Amino acid sequence: MWGSEFLLDSGKMRIAASTFVFVLLSALTPGAHAAAWEEVIGTGSFGGYGALQSEWNYRYPWGSDHNGTARMYASASDHNHVSLSGGVLTLKATRISWNEGNSSASPYLPIRYHSGAIHAREHVVASGQFPNWEVKGEFQAPSARGTWPAFWLTGVNSWPPESDILEFKGDNRNWFNTFRTSSDVSSSVISVSSPGAWHTYRAWVTKVNNTDVDIHYYLDGKWIAKHTGKNFVGKPLWVIINLQMEGSSGSPGPTADTVYRARNVYIGRTRA
């Protein structure tokens, strides 16, 4: 295809490869003549607590509670539910035996677990300046009834928008979701063989006009679906990794500890 002279010249091959990447990024950016790739969070952010805390905050952006029965507990001095070892992040949910009241978030379920969550300090914002984003990671996800792990994007200033890259709700199916409104949702539900083994979950977000994005979802490098994110452009999104319990994943949840692991989480973008 390239000709015998090219095949014999590794220098020309490198030039052609660079040109291909340049053309690809330009094609993904309507009206752009050049796009430079930037790493926002590299794959080493789980290499130690200093690295973690420079790129991520503990718990949810809004606090300790959300829509299940787990309350998030973690800090720079408390690693019972958010811990690191060998470049792997582990979130652990533990059943509690005492009354801790109800979640402060709708639907206000009784707190039955202590668990862990982190969220990225940097927001994902599709815009004319940053038209393309990649958000991905490798995860070992629990899938028993009552376990609700997630890796997702949600609006900083409003809800929606929301994009769920990984979400298991008590069985072996992953839910790739895009919320445009509470009633306008695209869902691609995919069975995953052995969710507790390492799998790669990825989203590629591309600005397609002044208001909308396309979100391409991938599992283990295989393209799964494209969803349209209407009115996503210009809206900052949190990136969250959390282990929630019960709620949409069913009940009763497990009595033994539940763990959810992540590694090589990465966020990158193009600068137009």
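Assorted remarks:
- Across the chain, the mean sequence separation of Cα contacts (distance under 8 Å, 6 or more residues apart), normalised by length, yields a relative contact order of 26 percent.
- Distance from the Cα centroid of region 141-208 to that of region 91-108 is 22 Å (rounded to whole angstrom).
- Annotation: peptides 188-198, 240-250, ranked by per-residue average of other Cβ atoms within 10 Å with the highest first, follow the order 240-250, 188-198.
- 222 nm mean residue ellipticity, helices alone, for the chain (DSSP H n ≥ 4; -39,500 (n - 2.57); rounded to 500): -3000 deg cm²/dmol
- Anisotropy class of region 157-272 from Cα gyration tensor, a/c 1.5 cut: prolate
- Approximate shape of the chain as ellipsoid semi-axes (Cα gyration tensor, √5λ), whole Å, largest first: 35, 20, 17
- Angle of helix 10-28 to the longest C-alpha principal axis of the chain, folded into 0 to 90 degrees and rounded to 10: 60°.
- In the chain, lysine pairs with alpha-carbon atoms under 15 angstrom apart (chain gap of 8 or more, or interchain): 4
- In this structure the chain gives 45 Å² per residue of accessible area when probed at 1.4 Å with all protein chains present.
The values are calculated or read from the model by the stated rules, or taken from the named source; none is laboratory data. Treat the numbers as computed from the prediction; the structure is a model and nothing was measured. Methodologically, a virtual Cβ is constructed for each residue, glycine included, from the backbone with ideal geometry; neighbour enumeration extends over all protein chains shown. The area values use the complete protein model at the heavy-atom level, side chains included, leaving out ligands, DNA and RNA. Shrake-Rupley method; radii C 1.70, N 1.55, O 1.52, S 1.80 Å.
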